[in-house]
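Trainee: This is the structure I have questions about; it appears just below.
What follows is calculated from the coordinates using simple rules that are stated; it is not laboratory data. Note that the structure is predicted; figures quoted are calculated from it, not measured. Please note: Cβ atoms are built from the backbone with ideal geometry, for glycine as well, and neighbour counts cover all protein chains shown.
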Amino acid sequence: MMAKHISLIAGVFALASSVLPAHARTIQVTVTGMAFSPASVTASVGDTIEWVNKDPFAHTATVKGAWEVMLPVGKSASKVIKKSGMVDYYCRFHPNMKGRITVTP
Amino acid sequence: MIKTLRMILGGTCLLVMAGLAQAADKPNDAQIAHIAYTAGVIDIDAAKQAIKTSKTKLVVDFAKDMLRDHEAVNKQALDLVKKLKVTPEDNPTSQALTKAAEAEREKLAKLQGAAFDKAYIINEVAFHKQVDDALKTVLIPSATNPELKSLLETGLKIFEGHEQHAEMVAAEMK
């Protein structure tokens, strides 16, 4: 009985790991006090960046000419990173707020 | 200290200089709270005027951003003075700022279309720059309550952000 359970559990894990890439992570960036924290993060292609806006002000995470994530007051929003390279983003409402994502393949 | 404040804000108009000449040597916390709140109200009123007058999406969107942020900052300011049991105190600097803003509002009321858009955005850059300088050199160093100081520091980041945002809008309008 026990052995059957263990093999079942192992099977589920094996299935999960074959479906999900092992390295896919969610990297959290907190937006507080008019700043992205940490301001600089490192990610791999396929990882998700999640911004958590703890400020009483709306913000954005914007890459000029590429993408924009809206960050309403008290909300979280995320983006899956699809390309490797260095990405500098800023808040369109407060361009003095800057962040960087360094993406490895 | 008063000389610096006069130098910074005096550029607005003679009214401001006259107002500051009567101001105390160093503003107290109740006066600082009043000045910061007044600066917010001025920008909220300017934003409302722009939302009503402008037909340009870029300008109206910018004005809505100003309205939203300054209402949020002023709400925080009101919550803080309530918590600290401080009554914001009217003062010559606040009065001079309000007078200058009224003159600007009347000037803008005579304009329409592209002329209005341009004048509004140029004034937004100038106004935020003045408040940034006042916060940095007078208001933040003079504030004695740490919570007020901290709110003013957040306010400074917001104002600096708005100044850059206004500069970007000005560049896009060209």
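Trainee: Name the long-range amide H neighbours of A:Q28: under 5 Å, sequence gap of 5 or more, or other chain; modelled H, no Pro or chain starts.
Mentor: Placed amide hydrogens put A:E50 under 5 Å from A:Q28.
Trainee: With the convex hull built on the Cα atoms of the range B:2-173, state its orientation-averaged projected area in nm².
Mentor: 8.8
Trainee: Roughly how many nanometres apart are two label points built 7 Å out from the Cα toward the Cβ at B:K85 and A:M86?
Mentor: It is 5.4 nm.
Trainee: Let me ask you something else. Please list the equivalent ellipsoid semi-axes of the range A:23-104, computed as the square roots of five times the alpha-carbon gyration tensor eigenvalues, in descending order and whole angstrom.
Mentor: 20, 13, 11
Trainee: Follow-up. Taking 7 Å along the Cα-to-C-beta vector as the label spot, tell me the B:R68-A:T42 distance in nanometres, rounded to one decimal.
Mentor: Going by the 7 Å Cα→Cβ label model, 3.5 nm.
Trainee: Any chance you could check the Cα centroid distance between the range A:34-92 and the range B:140-174 for me, in angstrom?
Mentor: Taking the Cα centre of each part, the range A:34-92 and the range B:140-174 sit 21 Å apart.
Trainee: In whole Å, largest first, what are the principal axis extents of the Cα atoms in the range B:90-144?
Mentor: Principal extents (Cα only, largest first): 45, 20, 9 Å.
Trainee: For the range B:118-174, take N as its residue count and report Rg(C-alpha) divided by 2.2 N^0.38 Å.
Mentor: My calculation over the Cα atoms of the range B:118-174 gives 1.28.
Trainee: Now, a different point. Nearest 20 debye, what's the magnitude of the dipole of the range B:2-173 about its Cα centre given +1 on Lys and Arg Cβ and -1 on Asp and Glu Cβ?
Mentor: 260
Trainee: Cα to Cα, under 30 Å, and not fewer than 8 places away if on the same chain: which lysines meet these conditions relative to B:K26?
Mentor: Cross-link targets: B:K3, B:K75, B:K82, B:K83, B:K85, B:K99, B:K129, B:K136, B:K149, B:K157.
Trainee: Can you compute 3J(HN,Hα) from phi for each residue in the range B:158-174, using the Karplus curve 6.51 cos²θ - 1.76 cosθ + 1.60 with θ = phi - 60°, rounded to whole Hz and x for Gly and Pro?
Mentor: 5, 4, 5, x, 5, 4, 5, 4, 4, 5, 5, 5, 4, 5, 6, 6, 5
Trainee: Working from Cα positions, state the angle (0 to 90°, nearest 10) between the long axis of helix B:57-84 and the longest principal axis of chain B.
Mentor: The angle comes out near 20 degrees.
Trainee: Test of understanding: express the Cα radius of gyration of the range B:33-124 as a ratio to 2.2 N^0.38 Å, with N the residue count.
Mentor: With N residues counted in the range B:33-124, Rg over 2.2 N^0.38 Å equals 1.18.
Trainee: If amide hydrogens are placed 1.01 Å from N in the peptide plane, which non-local residues have theirs closer than 5 Å to the one on A:A43?
Mentor: A:T102, A:V103, A:T104
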